[in-house]
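Trainee: Pasting in a structure now, in structure tokens, and then I'll have a few things to ask.
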Amino acid sequence: MILAWGIMSDDTMLSVYNWLKILHADIYFLNHSAIEGSRMKFSSTTHSYQLYDCGQTVPLENITAAYLRPYDFRQYEPIAENSNQARKFTIRANQFHFLINAWAESSKAKLINKPSVEASNHSKLFQSRIIQPCGFAVPESLVSNDWETIRLFASGFKGLIYKSMSSIRSIVKEISLSELHSRADKIGPGFFQEKISGKNIRVHVIGGQVFSCLIESNEIDYRYAPHMISTIEIPSDIQSKCLLLTQKLGLLIAGIDLMVTADLKWYCLEVNPNPGFSFYDVSDEKNIARAVAELLTNS
Amino acid sequence: MILILASIYNERAKSYVKQFPDSSASLITCSDIAEHKLKIFYPDFNNSEITIAGRTLSVREITGVINLLPVVLPEELFFFPEKEREYQSAEIQALLTFFLSALSCQVINKPSALSLNGNVNSHVNQIEFAIQCKFPVVKSLFDSSKVSSHFKAGIDEEIFEVDYFNAEIISNSTAETDDFVRKLASHAGVIYLKVFFSKMKKNIRFLRASAIPDIENTALHKAICNYLKIKSIP
């Protein structure tokens with residue numbers, strides 16, 4: 001049985017779920033948005049986990065693979081802030097996440113992906129230290145809260161990119177020195193990178209398969225701007241580097257953000273360990289979702 | 001310079017710094033990182049600098065780190081507006097994860113992506129590991145529907161701690177526990193580990209493990225000083 005944990009309004013989860021159905025997989029969908037009705041227990045006496053969903057026992061011992069795409073439960077309505085009900089909900093939801101993560105860490109099932117290996121994305125610079133030895137170039141980076149240091153760093157490049165260091169989603173943007181100066185005393189340490197000019201390429205590694213696409217947009221962060229996505233073939237040595245990087249990170253699937261410059265220098269900007277690939281899966285057949293479903297069913 | 005990374009609220013860490021001779025150690029908190037001049041480069045990490053107690057310190061001058069801070073909580077960042085603290089705590093955690101892993105000196109313990117104190121499993125996974133090692137564990141039940149986890153310990157039980165550092169058991173070595181403590185530390189890949197056991201008559205059972213160095217343990221302090229090749233103040 002395959003456990004799928006997430007929400008159906010997530011196109012990525014939905015597309016994998018649909019392919020699992022086509023492949024006649026035995027699926028248990030655990031609805032994250034109904035987390036209040038989910039309960040998990042671990043007993044040292046029986047050395048076992050028990051999962052209950054809406055009062056029903058989910059046989060974890062039968063789970064051969066799991067696709068975990070949890071959400072930030074604090075976004076769910078209606079959880080009135082500071083109410084007693086909200087506090088209880090938050091504690092229980094946190095404990096449920098804690099226990100399902102503990103189960104995922106020790107489970108023999110095929111996990112996409114284990115929480116501990118997904119965590120590399122919580123620090124982009126920490127991840128960069130794994131990316132670089134795999135043969136990719138990485139942008140020159142600076143973390144600073146000092147205006148003069150940032151100004152000097154920026155002067156060496158054609159542009160400066162400002163983004164979050166952690167996995168908290170932020171809009172990646174180019175920042176001008178005048179804008180930065182006006183905000184200099186209002187920021188904590190900021191994360192800055194040299195602006196790399198080139199073509200945006202997103203690679204999804206699913207098991208041993210590589211899916212690549214080109215994203216054309218006039219904006220730095222194409223996720224929030226008009227864009228065009230088309231599938232492309234990338235050189236075999238770059239494919240090999242993507243496979244190696246995914247393996248080094250301990251991931252079964254990965255969304256790798258690459259940029260190739262006019263002089264064919266390949267940069268890796270970051271790796272998303274739980275990619276929302278539906279955004280890039282432009283094929284009518286939803287080939288990336290199919291590969292994920294096949295990876296889950298071949299357990 | 002030895003850095004003692006600790007919570008702003010850790011009063012014991014402030015006095016611990018004085019146990020190192022000739023001002024060879026400095027306390028570093030999230031306030032030093034966030035509020036004072038900082039420049040951290042990558043890939044050019046060796047040119048990075050931080051500011052501690054008004055002094056600019058190159059990362060090349062850092063000869064060791066004792067990390068007492070497993071996670072950056074929003075409460076550490078009281079100097080930021082309240083609505084900013086949660087985001088900034090994730091940012092500082094990300095920065096420290098990188099910073100501690102990039103230093104070429106000894107770091108006790110090196111961070112993992114999950115924790116600044118290394119790859120020590122969650123409490124449930126520690127218990128699972130003990131069971132796999134066939135080491136008895138304190139009866140415990142974790143239930144997401146309950147506010148706190150339940151441990152069933154008898155009133156006559158004594159709690160004792162075993163400290164592991166650099167492949168040695170440095171305090172409370174016992175024939176019953178040493179092998180398991182070594183296995184747990186090796187599994188976690190940490191240089192320091194404190195393991196808590198419950199003891200009733202001759203029955204010893206695993207309780208939990210922590211990778212935060214116990215700065216009140218004089219044997220550990222001496223071992224750390226030897227490891228970092230510095231003299232300790234008795």
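Trainee: How big is Rg to Rh over segment B:35-84, alpha-carbon atoms, Rh as the Kirkwood inverse-mean-distance radius?
Mentor: On the Cα set of segment B:35-84, Rg over Rh gives 1.03.
Trainee: With θ set to phi - 60° and the Karplus curve 6.51 cos²θ - 1.76 cosθ + 1.60, what are the ³J(HN,Hα) couplings of segment B:161-176 in order, to the nearest whole Hz, using x for Gly and Pro?
Mentor: 10, 10, 9, 10, 8, 6, 6, 10, 8, 9, 8, 6, 5, 9, 4, 6
Trainee: Taking Rh as the Kirkwood radius, which is the inverse of the mean 1/r over Cα pairs, what is the Rg/Rh value for the protein assembly as shown?
Mentor: Reported Rg/Rh, Kirkwood definition of Rh: 0.97.
Trainee: Amide H of A:I7 versus every other amide H placed in the peptide plane: which residues, excluding those fewer than 5 positions away on the same chain, fall under 5 Å?
Mentor: Residues meeting the amide H criterion: A:H32.
Trainee: If each residue's Cβ is checked for other Cβ atoms within 10 Å, how do B:S144, A:S278 rank with the fewest at the top?
Mentor: A:S278, B:S144
Trainee: So what is the 222 nm mean residue ellipticity for chain A from helices alone, if each DSSP H run of at least 4 adds -39500 (n - 2.57) and you divide by all residues, rounding to the nearest 500 deg cm²/dmol?
Mentor: -8500 deg cm²/dmol
Trainee: Under 5 Å between amide H atoms, partner at least 5 residues away or on a different chain: which partners does B:I2 have, H built in plane at 1.01 Å?
Mentor: Amide H to amide H, under 5 Å and 5 or more residues apart or across chains, B:I2 pairs with B:A25, B:S26, B:T63.
Trainee: Sorting A:Y67, A:Y76 on the 10 Å Cβ count, fewest up front, what's the list?
Mentor: Ascending Cβ contact count within 10 Å gives the list A:Y76, A:Y67.
Trainee: Considering only Cα-Cα distances, which of the following residue pairs are longer than 23 Å: A:K41/B:K201; A:K124/B:K194; B:K110/B:K194; B:K14/B:K222; A:K163/A:K241?
Mentor: A:K41/B:K201; A:K124/B:K194; A:K163/A:K241
Trainee: Residue by residue through segment A:275-285, what is 3J(HN,Hα) from phi via Karplus (6.51 cos²θ - 1.76 cosθ + 1.60, θ = phi - 60°)? Round to whole Hz and write x for glycine and proline.
Mentor: x, x, 7, 4, 4, 9, 7, 7, 5, 4, 7
Trainee: For every helix of n ≥ 4 consecutive DSSP H residues, a contribution of -39,500 (n - 2.57) applies; sum these over chain B, divide by its total residues, and give [θ] at 222 nm rounded to the nearest 500 deg cm²/dmol.
Mentor: -8000 deg cm²/dmol
Trainee: Sticking with this structure for a sec: Over the protein assembly as shown, what is the percentage of antiparallel beta bridges among all DSSP beta bridges, to the nearest 5?
Mentor: 75 percent
Trainee: Is segment B:110-234 best put as rounded, prolate or oblate by its Cα gyration tensor, with a ≥ b ≥ c the root eigenvalues, rounded for a/c under 1.5, and otherwise prolate when a/b is larger than b/c, oblate when not?
Mentor: Since a/c reaches 1.5 and a/b is larger than b/c, the shape of segment B:110-234 is classed as prolate.
Trainee: Trypsin sites (Lys or Arg not before Pro) within segment A:242-289: which are DSSP loop residues with at most 15 other Cβ atoms inside 10 Å?
Mentor: Passing sites in segment A:242-289 are A:K265.
Trainee: Pick out, in residue order, every one of the GluC sites (Glu not before Pro) in segment A:206-288 that is DSSP loop and has at most 10 other C-beta atoms within 10 Å; say none if there are none.
Mentor: Passing sites in segment A:206-288 are A:E233, A:E285.
Trainee: When a/c is below 1.5 the answer is rounded, else prolate if a/b is larger than b/c, else oblate, so apply that to segment A:215-299 with a ≥ b ≥ c taken from the square roots of the Cα gyration tensor eigenvalues.
Mentor: Note, shape of segment A:215-299 comes out oblate.
Trainee: Once the Cα gyration tensor of chain B is found, what semi-axes does its equivalent ellipsoid get, as square roots of 5 times the eigenvalues, in whole Å, sorted largest first?
Mentor: 33, 22, 16
Trainee: Cut-off is 10 Å between beta-carbons; in what order do A:D281, B:D22 appear when sorted fewest neighbours first?
Mentor: B:D22, A:D281
Trainee: Follow-up question, since we're still on this one. Rg and Dmax of segment A:1-134, using alpha carbons, in Å: what are they?
Mentor: 16.4, 49
Trainee: State the antiparallel share, in %, of DSSP beta bridges confined to segment B:1-112, rounding to the nearest 5.
Mentor: Given both bridge residues lie in segment B:1-112, the antiparallel proportion sits at roughly 30 percent.
Trainee: Also, quick follow-up: Along segment B:110-119, what does the Karplus equation 6.51 cos²θ - 1.76 cosθ + 1.60 (θ = phi - 60°) give for ³J(HN,Hα), rounded to whole Hz, x for Gly and Pro?
Mentor: 4, x, 10, 4, 8, 8, 5, 9, x, 8
Trainee: Related question: What does the convex hull of the alpha-carbon atoms of segment B:94-142 project to on average, in nm²?
Mentor: In nm², the orientation-averaged hull projection of segment B:94-142 is 4.6.
Trainee: Report the Cα centroid-to-centroid distance between segment B:167-219 and segment A:249-281 in angstrom, as an integer.
Mentor: 41 Å
Trainee: Once you've got the GNM for chain A with C-alpha springs shorter than 10 Å, pick whichever of A:S164, A:S33, A:S178 has the biggest mean-square fluctuation.
Mentor: A:S178
Trainee: Let me ask another. With the cut-off at 1.5 for a/c, could you classify segment B:35-152 from its C-alpha gyration tensor as rounded, prolate or oblate?
Mentor: Verdict is oblate for segment B:35-152.
Trainee: Let me ask something else about it. Would you please name the trypsin sites (Lys or Arg not before Pro) within segment B:163-234 that are DSSP coil residues with at most 16 other C-beta atoms within 10 Å of their C-beta?
Mentor: Answer in residue order: B:K201, B:K202, B:K229, B:K231.
Computed from the coordinates by the stated procedures, all read-outs in this text should not be read as laboratory data. Values in this document were obtained by computation on a predicted structure and should not be read as measured data. In this analysis, Cβ positions are derived from the backbone assuming ideal geometry, glycine residues included, and neighbour counts consider all displayed protein chains.
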